Structure formats: structure tokens, C-alpha cells
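Working notes, beginning with the structure itself.
The values are calculated or read from the model by the stated rules, or taken from the named source; none is laboratory data. Here the structure is a predicted model, which means the values were calculated and not measured. Positions of Cβ are generated from backbone atoms using ideal geometry, with glycine treated the same way; all protein chains shown enter the neighbour counts. Just so you know, the surface numbers come from the protein's heavy atoms only, side chains and all, with ligands and any DNA or RNA stripped out. Shrake-Rupley method; radii C 1.70, N 1.55, O 1.52, S 1.80 Å.
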Amino acid sequence: MRAELSANPGGSTAATHRHVFTAVFIALAGLLGIGLLSPAVASAQDETYQIATDITFAPFEFQDSSGEYVGIDMDLIRAIAEDQGFTVDIKPLGFDAALQAVQANQVDGVIAGMSITDERKQVFDFSEPYFESGVQMAVLDTNNDIKSYEDLRGKRVAVKNGTEGATFADSIKDRYGFTTVSFADSASMYDEVRTGNSQAIFDDYPVLAYGIAQGNGFKTVTPKEKGSNYGFAVNKGQNAELLRKFNEGLNNLRESGRYQEIVDGYLGAGATEADNSFFGLIKSTFPLLMAGLKMTLILTVVSIAIALALGIVFGLMRVSRSIWLRGIGTTYVDIFRGTPLLVQAFFIYFGIPTALNFQMSALTAGIITLSLNAGAYMTEIVRGGILSVDKGQMEASRSLGIGYLPTMRKVILPQAIRTMIPSYINQFVITLKDTSILSVIGIAELTQTGRIIIAGNFQSFNMWLIIGIIYFVVIMALTKLSDQLEKRLVK
């Protein structure tokens with residue numbers, strides 16, 4: 001292979017580009033293949049079901065200090081699975097993403113403290129109710145001014161998207177003259193009141209009771225309002241067998257007393273003793289934080305490597321003499337620089353599998369999203385580096401009889417790389433921070449890990465401070481390492 005390429009420099013470059021295209025295609029196809037094969041293997045095991053949830057909704061679902069998914073819903077679905085002879089694969093996606101995953105057939109069902117409503121019945125098939133909920137209003141325990149709904153006039157109230165509390169607040173806000181602001185997770189909703197931007201929250205009473213027992217600094221000031229029931233859900237018209245098993249298992253657990261044991265285990269006891277000091281949190285959450293950091297680094301390194309390959313390929317297209325190649329490169333850049341990363345993540349994880357009727361893992365979707373997005377910026381970095389080289393370099397090389405592609409590979413690119421290094425390092429850091437956006441599709445990177453921990457201990461200030469320090473240390477270490485690499489390459 002080496003001898004043949006050396007004998008034909010022009011062919012070498014062409015072959016090299018073909019190899020680059022092939023490598024990029026195989027890499028992306030391989031990642032996609034992981035997403036395709038994993039569910040296929042799972043579906044081959046008829047008694048294994050993928051269940052989506054939102055693990056920031058204690059006491060129904062959250063993550064304990066050992067990394068296990070626990071809570072009323074988690075214990076209940078596992079007990080039903082054991083009773084009915086099947087197994088479950090829990091997918092922690094967040095509430096909104098969990099519902100979309102069921103509709104896109106990315107998972108088999110969802111259990112996430114989900115209220116059974118007439119609107120949702122149009123989209124999902126529900127099990128028998130497994131928990132009767134209700135709504136209460138809460139304020140900071142230092143707030144002595146708000147004691148009823150009438151005291152909310154002219155004030156702001158925080159709610160969580162899609163919850164019974166949000167529905168109830170919307171139903172009475174015009175009567176009592178307050179406005180609502182919505183959040184995607186419970187921790188952000190509570191923090192909104194702690195900052196003073198809102199004065200109260202509406203939440204499901206068991207969630208409030210658990211949080212207050214954990215010392216979240218709130219108190220309830222109204223009686224419990226009668227609410228709707230929670231149910232397990234599957235996509236409309238699908239997975240009827242799973243729904244039947246859930247109902248049968250639920251009835252068996254109620255008859256045996258196991259159901260009440262599970263509920264009392266989370267709502268019957270008081271607060272648990274835990275060291276929530278700064279250093280106490282570091283000690284108790286260190287394994288979870290390191291697991292989140294590991295996922296962040298994996299996403300970053302794999303994505304930036306693929307992005308570099310994409311950047312070289314499309315960067316060369318952008319400076320090509322062919323109008324068609326330039327058009328392809330420009331279109332790619334415009335699409336992925338002109339749309340938000342969040343939209344790209346949702347489109348790749350939910351939109352494409354739904355349209356083409358296949359399944360894709362969240363990790364695969366995350367890597368593809370980051371790679372394509374960072375690749376667009378890398379394309380412009382490569383293009384800028386090539387254009388920064390004096391045009392006389394190309395002209396001098398061509399005057400010596402050297403072809404365009406060999407000149408680009410041997411003369412232009414080596415000089416352009418020195419110019420590109422600082423921008424490449426900057427894009428590496430940006431991609432590392434962009435991994436936090438992938439929490440919307442359920443990837444437990446460092447930021448999502450922080451949200452999960454806060455959902456269980458309600459220590460938002462200390463936890464975000466710890467996570468911020470981790471990001472700072474990692475980024476500074478990578479920057480210093482990259483600076484040393486830059487100095488060596490520029491010499």
C-alpha cells in the first residue's frame with residue numbers, strides 16, 4: 001500500500017480523501033449502528049422493556065448516593081416486573097423528553113408521576129391509577145406574608161412543566177391575579193423562589209412533603225387540593241401486553257401489602273440525616289460526579305475527533321475549485337451553524353427515528369449531534385486556516401509542476417495547521433461545555449448529574465458551586481495542556 005501511494009502522489013491524495021470520506025462515514029454509521037443494534041437486541045428478549053422516567057422528581061424517582069434509581073415509581077415498576085416475570089431497563093430522560101420518547105417509540109412506556117388527564121389519553125394508553133395525588137402551595141419558611149391564594153395577587157408563581165401543579169395554578173391564576181413561570185425540572189422551580197423572583201410554588205403534595213422533610217426550606221400554606229391520579233403509560237395503541245402486566249402486577253402488590261410498604265418507605269418516615277455541608281456533599285456525591293465527568297469527557301473527545309475529520313473534509317470542499325463541492329460545504333455549515341444545538345439534539349434523537357421508524361440510543365444521538373455541530377465550526381476553522389496561507393505558496397508550488405491536491409496536502413495544510421491550533425483548542429472547550437445541553441435527551445453528563453443530585457438533597461447552591469469548580473479545573477487543565485502542545489507544534 002505505501003509503495004503504491006508513493007509512486008503516484010496525485011493518486012495518493014485522492015485516495016487519502018477517499019479514505020477520509022470512508023472513515024467518517026464508517027464512524028458515523030458505526031455510531032448509528034450502536035443505536036440501531038442495541039434496541040434490536042433488547043427487543044429480541046421479549047420480557048425486557050425500556051421504561052422512561054424523570055429522576056428529578058423525588059420521592060417518586062431520583063438517584064441515591066450509590067447511583068441507583070430509587071423512589072416510589074422505581075420500586076413499584078421493579079416489583080411489578082418481578083411479580084410478572086419481566087425485566088425493565090430504566091431510561092432517565094426527564095419528563096418532557098420521556099413523553100416524546102414514548103411517542104417516538106424509543107421506549108416502551110413511561111412512569112414518572114404522570115397525571116392521567118383527558119388530553120393525555122388522546123396520545124397515551126394508561127394503566128389503572130397507582131397513586132392518588134393532590135396539589136399544595138408552598139412558600140419559603142421565612143415568608144409570613146403569603147398564607148392563602150388571595151395573597152398571591154400581583155405576584156409570580158413558579159411551576160414545573162406538565163405537572164398537576166402547573167395545571168392547577170393555570171386554572172386559578174386569573175381569579176387570584178398572579179402570573180406563572182414554568183421550569184423543566186423541580187430544582188429550578190424551587191430555586192426561582194429562593195432567589196426571590198417568584199414568591200410561591202404549586203407542586204404535588206407528596207413531592208412537597210418529601211422536600212420539606214429533607215430540609216428544602218419551604219412550608220405548605222394551603223390545604224391539599226384534590227388532584228388527578230398517577231398512571232403508567234404507553235404509546236396509543238401499542239404495548240397492550242405491557243399494560244396488562246402492569247395492571248395485574250399492581251393488583252397483586254396491593255393485595256399482598258407490598259404496595260403500601262413501598263409508599264410508606266418514602267412518605268411514612270421523616271427526613272434522613274445527611275451531611276449537606278460543602279465538603280460533606282463532595283464526599284457523598286463524589287462517585288456520581290466522577291461518573292458524570294467521565295461521560296462528559298467521552299462525549300467531548302469522541303465528538304471533537306469526528307468533528308475534526310468532518311471539518312477537514314468540508315473545509316477542503318469550501319475552498320474547492322468545484323462549485324458543487326463548495327455548495328455542499330456551505331450548505332452543511334449553514335444548517336448546523338444556523339440552528340440551535342438543542343433543536344438539533346431533539347431532531348436527531350426524536351425526529352429522525354420517528355420519521356424512519358427505528359430506534360437510536362441517547363448516547364449515539366448525542367455524539368452525532370455534537371459531532372455535526374462542532375464539525376460545522378471546524379469547517380470554518382479549516383477554511384480560515386487555508387485562506388490565511390499566502391496565495392503565492394500555491395502558485396509557486398503549481399509552477400513547479402506539483403498538482404493541486406499534493407500542494408494542498410504538503411504545502412498549504414502544514415502551514416494552515418499552525419494557524420488553526422488556537423481555534424481548534426477553543427472549539428474543544430466549547431464542545432466540552434456544550435455537552436450539558438444533551439441532558440435534554442437523558443444523557444447523564446456532569447450538569448445532568450448535578451440536577452439529579454439536587455433533586456434528592458435540594459442543596460442547589462453548594463452543588464452548582466462544586467460542579468462549577470470541576471468544570472473550571474478540567475477546562476483549565478486542558479487549556480494548559482493544549483498551550484504546551486501548541487508551543488511544540490509551532491516550533
Qualifying positions in the range 143-177 - in contact (Cβ under 8 Å) with a residue 40 or more places away in the chain and of a type in the set (Val, Ile, Thr): Ile146, Val157, Val159, Thr163, Thr167
query: Restricting to the range 193-214, what's the tally of residues that are in contact with a Phe, Trp or Tyr (Cβ under 7 Å, 6 or more places away or on another chain), open to solvent by 20 Å² or more (accessible area, probe 1.4 Å) and more than 26 Å from Ile80 (Cβ to Cβ)?
result: 2
- prompt: Just wondering, is there one or more residues in the range 296-304 that are within 30 Å of Gly403 (Cα to Cα) and either open to solvent by less than 40 Å² (accessible area, probe 1.4 Å) or of a type in the set (Phe, Trp, Tyr) (or both)?
  reply: no
message: Of everything in the range 44-66, what is outside any helix (DSSP H, G or I) and either open to solvent by 50 Å² or more (accessible area, probe 1.4 Å) or at positive phi (or both)? Give them in sequence order.
response: Gln45, Asp46, Glu47, Ser65, Ser66
- request: For Ile77, indicate whether it is in contact with a Pro (Cβ under 9 Å, 6 or more places away or on another chain), in contact (Cβ under 8 Å) with a residue 40 or more places away in the chain and more than 18 Å from Ile348 (Cβ to Cβ).
  value: no
- prompt: Does any residue of the range 281-295 turn out to be free of Cβ contacts under 8 Å to residues at least 40 places away in the same chain, aliphatic (A, V, I, L, M) and open to solvent by less than 70 Å² (accessible area, probe 1.4 Å)?
  reply: yes
message: Looking only at the range 153-162, how many residues end up being at pLDDT 90 or above, surrounded by fewer than 18 Cβ atoms within 10 Å (Cβ to Cβ) and touching a helix residue (DSSP H, G or I) at 6+ places or on another chain (Cβ under 7 Å)?
response: 1
query: Could you say which residue among Thr479, Thr407 is free of Cβ contacts under 8 Å to residues at least 24 places away in the same chain and not assigned by the TED database to the domain that holds Leu208?
result: Thr407
